[in-house]
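One structure is given here, and the rest of the page talks about it.
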Amino acid sequence: MINLAEQQQVETIVAGERPDGASTRAVHGRLEGRRPQANHSLVTPLVQTATYTFHDTADLCAFMEAKMWGGDPAMAERGEYGRYGNPTVQAVERRLAALENGGDALLFPTGMAAVTNVLLSMLSAGSHVIFTDDCYRRTRYFCNTFLRRLGIETTQVPMGDYEALEAAIRPNTRLILSESPTNPYLRVVDLERLVAIGRHHRVKTLIDATFATPVNQRPLEFGVDLVIHSATKYLGGHNDIMAGAAVGEAGLIHALRQSQGVLGGVLDPHAAYLLERGLKTLALRVRQQNQTAQAVAEYLAAHPKVERVWYPGLPSHPDYAVATRQMSGFGGVVSFEIGPRPGEEALDTTSRFIDAMTIPYIAPSLGGVESLIEQPALMSYYELSTEERLAVGIKDNLVRFAIGVEDTADILADLDQALAQI
Ligand SMILES: *Cc1c(COP(=O)(O)O)cnc(C)c1O
């Protein structure tokens, strides 16, 4: 027997609306785009080279003609120099575009390189960008310092306040930037509403969808112009590489690719090879992480020593309705607040709980096979006082639990014994 979701998937495939599902795309990319590989290799060959050779001057001139004026597409696509492209990297870009249902994709050496490259390429002096608070801290920092220094105006609006977002639009606004879900409170942007505002004012929209992955949410299908990922997280999925990605319509990605050749931040082919290997199991990993995170969120919500749980799959989350409408899973990160203990600072109780956990490592990052746990007050905001942290919305008793692929029952048992110790 197939379940209802699978039956619906079969119907859309038969109707030709969607060629295949997330796991098929993760393994193969677009089936119709499958190309023969060198030496009949099944796996994308790792082309670890900095430059590419020309057989003779006529070969060089044929390449230049094709590059400058169009012509033989195979000739125009061949390698010239590593900063302008690499076949291993390009194969992974095609696979990512298929996963996000985008026209094309572009890889970067880190998620932040994707963010900075995109913003530097799309904005110029005198233009204006709007971003939501609760965005990745370094992204906000880049907007407020680097972009302002270059004469680009920036406005930060509260996440979830669409009136404030629309009111912030000026004649020179070029871009609205948000994350969905956000870190650490897993706030979810209403993509339909965001796109409607953007289109009405002819402003491009950009979503950092690192926490969702294309398995759970595909913003381009809602009309968002550009999706960004820190591929260091779920896409790579093994806590062993750093990478970033931008996915969107082919013309926009082409323009970004031209900028990348100048700005210089390209992904190393070996990291791309490992990223492709990770991508093949993306859907399997994310489904397991969704399932464990939902069980963890429900367990914690019912626990007397836990004050509050932030997970978009719980009806108590402020964005539960939006999340159930536009996501097929709610991701592998659960944030929660430890309840007060008499005679002890919240910061210390929370640290004791974290130290009592045995499965997750204490580390920043998320999305890999290993569970990671952290206290944002100490991991990301150590230099601030309790009051200053509260002003940016980070409580001392907050825990961010990034769930890996360990067994759900083991993780629940670990939480149970750690909570019993505080
Ligand atoms: C980690 C992260 C980034 C930055 O990515 P790096 O690969 O670490 O440079 C950007 N956005 C979000 C949401 C992230 O989690």
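Less than 17 Å apart at the alpha-carbon level, and either on another chain or at least 8 residues along: which aspartates and glutamates does that give for Lys395?
Straight-distance partners of Lys395: Asp133, Asp134, Glu307, Glu337, Glu344, Glu345, Asp348, Glu374, Glu383, Glu387.
Using only Cα atoms, tell me the angle between helix 346-356 and the longest principal axis of the chain; keep it within 0 to 90° and round to the nearest 10.
Taking Cα atoms only, the helix is inclined about 70 degrees.
Tell me the net charge near Ala97. Cut-off is 9 Å between Cβ atoms, Ala97 excluded, with +1 for each Lys or Arg and -1 for each Asp or Glu.
0
Straight distance only, please: which lysines reach the Cα of Lys204 with their own Cα at less than 30 Å, same-chain residues fewer than 8 apart left out?
Within the straight-line cut-off, Lys204 pairs with Lys67, Lys233.
Considering only DSSP beta bridges where both residues belong to the chain, give the percentage that are antiparallel (nearest 5).
55 percent
Roughly how many whole Å is it from the C-alpha centroid of the stretch 116-132 to that of the stretch 32-46?
Each part's Cα centre sits 37 Å from the other's.
Could you work out the mean projected area of the convex hull around the alpha carbons of the stretch 283-420, in square nanometres to one decimal?
Convex hull of Cα atoms, orientation-averaged projection: 8.4 nm².
Per-residue ellipticity at 222 nm for the chain, helices alone: DSSP H runs ≥ 4 residues times -39500 (n - 2.57), over residue total, nearest 500 deg cm²/dmol?
The helix contribution divided over the chain gives -12000 deg cm²/dmol.
What length, rounded to one decimal in nm, is gained on full extension from Ser23 through to Ser328, with 0.36 nm per residue of separation minus their alpha-carbon distance?
Between Ser23 and Ser328, full extension yields 108.4 nm more.
Over the chain, consider all pairs of different Cα atoms and compute the Kirkwood hydrodynamic radius from their mean reciprocal separation; express it in Å, one decimal.
With all distinct Cα pairs of the chain included, I get 22.8 Å.
Could you tell me how many degrees, from 0 to 90 and to the nearest 10, lie between the Cα long axis of helix 269-279 and the main elongation axis, the longest principal axis, of the Cα atoms of the chain?
Helix 269-279 sits at roughly 60 degrees to that axis.
Bear in mind that the values in this text are calculations on the coordinates, not laboratory data. Predicted model only: the values in this text are computed from it and were never measured. Reconstructed Cβ throughout: ideal geometry from the backbone, glycine too, with neighbour counts over all protein chains shown.
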